[in-house]
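**Q** Once you've had a glance at the structure underneath, I'll fire off some questions.
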Amino acid sequence: MQALIVRPWGGSDLAHAHVLDGIRVLDFTQFIAGPACTRLMAEMGADVIKLEHAPGGDLCRVLPVIKDGRSGYFVQHNQGKRSVCLDMRTEGGKTIIRDLIAWADVVVENFSPGVIDRMGFGWADVHAINPSAIMCSISAFGQSGPLHQLVGFDYIAQAYAGVTSMIGEPDGPPPIVGMAIGDVGTAITALAAINGALFHRERSRGDGPGKGQHLDISLLDFYFHCHEINVEVHSLSGGAIEPHRTGSHHAMVAPIGIFRAKTGYLVLVALGDQWSRVCRAMGREDLIRDPRFIDGPARMANQADLIELIEAWLGSLESDEAGIEALQAERVPCAPVLSVADAMRHPHLIERGTVRHIDDRGVGPMAITGNPLRYSDFPDNLNLTAPFLGEHNEVVLGEVLGMTAAEVGRLQADGVLHAERR
């Protein structure tokens, strides 16, 4: 039987409880892109110490829904971390940070480029303190280039990447996407880079501690990487093809898009011989040989007629579910357009833990997004919780830096450390 270890940030778990067990992370991040990355690291077993600037800490601690003074937004994005809240401008605070950098395997920050350098904890400083540490800088535009000093968030990088221009109806303005695709996608990109750097460090060890390096991860790079066809068709056509938003249907392949059904909408994707399966599901095998729909170019040329036929069939059925069942029986990729509430109640998402239910110490029972990373050797979620502000000041400084309770008390009295009253 494996020995038990006690995780002061989330209860007792088996030793080597997950894939990053033993990896030590110093987390300067706030909002989403950084915290989402370090949350995944905590859920993979890493010890994540979240540094929060006194007195308010992570700015997302005030985002809704607030219950009993605690933010559900913060809870979701900061599972499994330990909070140390300190005034980073004081010499006492800077000394603590330098000592924690010496302790860390990974340092993650998502300030605007140049900010952490001015604080005295940029890559050159981190590397001098701890040559084997990996530092990951997450920003909107990256650490170099003409735009790098601009302030930016998810939607800003999305617009610069040409992604926003591809969303919405062709004769209308592009809409705002109602979720943080860029932030979370960049967080997972950062995690991939960090894990690669950890692997490289192990391979470079030799007789020494292994080589650290600086990772420059940007939302703009992630978003531009998401273009599945737009970049190559514009390039190889010599600019003749100008990608543009096409509303509910694909610009180059039919039928792919969102179709009106009897009471709602469904998404249908038919590639290659899947078109013939759509025809069989509709009971219209004659359409397989119809010259208007005989191949891909013909279907695109007659896309309006194709959409009208499919929507007329869906509208004639007794329910939206009947259309989905008929298409799925022919192995046609399709799905209902679920609301967030519908998705949260879906048995598939619940059974897989895609939607996860927790009982937070502050806000109580709530649903959060689950961990998308699945490992056969680590099938269970760790018993984690989000920290209160400065909750782990004493235990971290005592356990990691060897400070006495009296020393921590003096730092608290001097205003270097801060913790919320509970």
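The values are calculated or read from the model by the stated rules, or taken from the named source; none is laboratory data. On a predicted model such as this, the values are computed, not experimentally measured, just so you know. Note: ideal-geometry Cβ built from the backbone for every residue, glycine included; neighbour counts use all protein chains shown. The accessibility values were calculated without ligands, DNA or RNA, using every heavy atom of the protein model including side chains. Shrake-Rupley method; radii C 1.70, N 1.55, O 1.52, S 1.80 Å.
**Q** Just to be sure before I move on: is residue 285 out of contact with any helix residue (DSSP H, G or I) (no Cβ under 9 Å at 6 or more places or on another chain) and at pLDDT 95 or above in the structure I sent?
**A** When the stated conditions are applied, residue 285 does not pass them.
**Q** Given the conditions (1) within 26 Å of residue 167 (Cβ to Cβ); (2) hydrophobic (A, V, I, L, M, F, W, C); (3) out of contact with any His (no Cβ under 8 Å at 6 or more places or on another chain), report the number of the one that residue 258 does not fulfil.
**A** Unmet for residue 258, out of (1) within 26 Å of residue 167 (Cβ to Cβ); (2) hydrophobic (A, V, I, L, M, F, W, C); (3) out of contact with any His (no Cβ under 8 Å at 6 or more places or on another chain): (3).
**Q** Could you figure out which of (1) among the aliphatic types (A, V, I, L, M); (2) open to solvent by less than 40 Å² (accessible area, probe 1.4 Å); (3) farther than 21 Å from residue 408 by Cβ; (4) at pLDDT 95 or above isn't true of residue 17?
**A** (4)
**Q** For the structure I just gave you, tell me whether residue 49 is β-branched (Val, Ile, Thr), surrounded by 14 or more Cβ atoms within 10 Å (Cβ to Cβ) and not in a helix (DSSP H, G or I).
**A** When the stated conditions are applied, residue 49 passes them.
**Q** Going by what's in this entry, would residue 416 be described as touching a Leu at 6+ places or on another chain (Cβ under 6 Å), surrounded by 15 or more Cβ atoms within 10 Å (Cβ to Cβ) and free of Cβ contacts under 8 Å to residues at least 24 places away in the same chain?
**A** no
**Q** Those residues that are basic (Lys, Arg) and either within 30 Å of residue 413 (Cα to Cα) or touching a residue at least 12 places away in the same chain (Cβ under 8 Å) (or both), I need them from the range 345-395; list them, please.
**A** 352, 356, 361
**Q** Here's another thing I want to ask about it. Look at the range 87-139 and say how many of its residues are under 22 Å from residue 187 (Cβ atoms) and among the polar types (S, T, N, Q).
**A** Summing the residues that are under 22 Å from residue 187 (Cβ atoms) and among the polar types (S, T, N, Q) in the range 87-139 gives 4.
**Q** If you don't mind, there's one more thing I want to ask. As an exercise: evaluate residue 210 against (1) in contact with a Ser or Thr (Cβ under 8 Å, 6 or more places away or on another chain); (2) among the small types (Gly, Ala, Ser); (3) within 22 Å of residue 116 (Cβ to Cβ) and give the number of the one condition it does not meet.
**A** So the condition that residue 210 fails would be (3).
**Q** Tell me yes or no: at least one residue of the range 197-210 is surrounded by 15 or more Cβ atoms within 10 Å (Cβ to Cβ), at pLDDT below 95 and more than 28 Å from residue 155 (Cβ to Cβ).
**A** yes
**Q** Test residue 90 against the stated conditions and say whether it is without any contact (Cβ under 8 Å) to a residue 40 or more places away in the chain and of a type in the set (S, T, N, Q).
**A** No, not satisfied.
**Q** Name the residues in the range 396-409 that are in a helix (DSSP H, G or I), without any contact (Cβ under 8 Å) to a residue 24 or more places away in the chain and in contact with a helix residue (DSSP H, G or I) (Cβ under 9 Å, 6 or more places away or on another chain), would you?
**A** 398, 405, 407, 408, 409 - these are the residues of the range 396-409 that are in a helix (DSSP H, G or I), without any contact (Cβ under 8 Å) to a residue 24 or more places away in the chain and in contact with a helix residue (DSSP H, G or I) (Cβ under 9 Å, 6 or more places away or on another chain).
**Q** Okay, moving on. Taking only the range 294-308 into account, find how many residues are part of a loop (DSSP other than H, G, I, E, B) and open to solvent by less than 50 Å² (accessible area, probe 1.4 Å).
**A** Residues in the range 294-308 being part of a loop (DSSP other than H, G, I, E, B) and open to solvent by less than 50 Å² (accessible area, probe 1.4 Å): 1 in total.
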